[in-house]
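The structure appears right after this line, and notes come after that.
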Amino acid sequence: MTNSLMRLAPSGPTLLIVGVLAGLAVPPLAEAVRPAMAVSIFVIVLGTLLRVNATDFMRTLQQPRFSALLPAVVMLVCPVLVGIAAHLTGVGPELALAMVLAVCAPPSGGTAAVARMLGLDATIPLAVTLLSMALAPLSVPLLASWFAGIAFDPVELALRLFVLTAGAGGVALILRQRAAGALKRHVDAIDGLVLAALLIFAISTMAGVRAQIEAEPLVAFACIALAFACNLALQGLGAALLPGTLAERLGIGLILGNRNVGLVWSALGASTSPTMALFFAATQFPIYMTPRLIAFLIRWATPEKATS
């Protein structure tokens, strides 16, 4: 099975779209894999940590634009900009709150893995994601309270983040120390497992979404449209933020646009209204569909890769 996944890895962006659509079209499938969501997130982060070169990672952290500027933009500037935009465009208070909270979340744990599938440098997305997760226990409660007076439990949020990052980091460290040779020989297998985890997560996020769309189609499509608008606007901001090649700029855009909304969603718990929950689910569509668009843009900008 792993060999099959390895062969499918280059088509990862397309498979992620298939996963989302499969979960939407077959609700029992989404419900069946929903319990595996937490495990899939852990595997995604672990696999990404195992595939990043430690020397490159430390070199990235030594660059202020990646270790300070980008995390601050991701966790502080973007939520404020989205809140202002929602207010100026007259978005309803519930949807505006959902948009801000979604952008308060750190970058998706799968961003580095998706970047690797697209042939981009995964080191920068990983570094910014980990630094943003470290900021989240402070920034998310503060911004949520500022915009809506919602009281987060920072201890619970910090614990969730710790289990995800420190747990995967600890396992990755042990494996690197005790099985470094095997890891180098089986890098493709690691990519295959990460792709499988991304597919499981994509399908599981659609649990209950079809019923919500059927119950309130207008609200659902409004949420989906806003989710795409917000994601694409943030990706555009990321692409314009730092100099570099088109591929490098698109990689930065992924960091700003694709967020780990499920983390904030679970931390909210009973505070999440049905409309907010619907928007949070809608954010998964651009997260899993825009990588295919980015792959097209990269091939268009570098036609020699398409023929190699």
message: Can you tell me which residue is modelled with the highest pLDDT among those in the range 47-56 that are over 15 Å from the mean Cα position of the chain (by Cα) and polar (S, T, N, Q)?
response: Thr55
Set Ala102, Ala30, Ala96: member being under 15 Å from the mean Cα position of the chain (by Cα) and buried (at least 16 other Cβ atoms within 10 Å of the Cβ): Ala102
statement: If you go through Ala72, Ala86, Ala112, the only one that is under 18 Å from Leu256 (Cα atoms) and surrounded by fewer than 20 Cβ atoms within 10 Å (Cβ to Cβ) is Ala72
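Every residue, every condition in (1) at pLDDT 85 or above; (2) in a helix (DSSP H, G or I); (3) touching a Ser or Thr at 6+ places or on another chain (Cβ under 9 Å); (4) more than 29 Å from Ala172 (Cα to Cα), yes or no:
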| site | (1), (2), (3), (4) |
| --- | --- |
| Asn3 | no, yes, no, no |
| Pro10 | no, yes, no, no |
| Thr14 | no, yes, no, no |
| Ile17 | no, yes, no, no |
| Val20 | yes, yes, yes, no |
| Glu31 | yes, yes, yes, yes |
| Pro35 | yes, yes, yes, no |
| Ser40 | yes, yes, yes, no |
| Val45 | no, yes, yes, no |
task: Among the residues of the range 209-243, write down those that are of a type in the set (S, T, N, Q) and closer than 23 Å to Ala30 by Cα.
output: Gln212
- prompt: Looking at (1) farther than 29 Å from Leu135 by Cβ; (2) not in a helix (DSSP H, G or I); (3) not charged (D, E, K, R), which is the only condition Gly244 fails?
  reply: (1)
- prompt: Restricting attention to the range 75-86, does a residue exist that is under 14 Å from the mean Cα position of the chain (by Cα) and hydrophobic (A, V, I, L, M, F, W, C)?
  reply: yes
- prompt: Can Asn260 be described as in contact with a helix residue (DSSP H, G or I) (Cβ under 7 Å, 6 or more places away or on another chain) and surrounded by 15 or more Cβ atoms within 10 Å (Cβ to Cβ)?
  reply: no
message: Quick check on my filter: what residues within the range 259-282 are in contact with a Ser or Thr (Cβ under 9 Å, 6 or more places away or on another chain) and either on the phi > 0 side of the Ramachandran plot or at pLDDT 85 or above (or both)?
response: Arg259, Asn260, Val261, Phe280, Ala281
- prompt: Does the range 168-181 include one or more residues that are within 20 Å of the chain's Cα centre (by Cα) and among the basic types (Lys, Arg)?
  reply: no
field: Selected residue [surrounded by 22 or more Cβ atoms within 10 Å (Cβ to Cβ) and touching a residue at least 24 places away in the same chain (Cβ under 8 Å)] from Ile298, Ile294
entry: Ile294
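The values are calculated or read from the model by the stated rules, or taken from the named source; none is laboratory data. Note that this is a predicted model, so its numbers are computed, not measured. Reconstructed Cβ throughout: ideal geometry from the backbone, glycine too, with neighbour counts over all protein chains shown.
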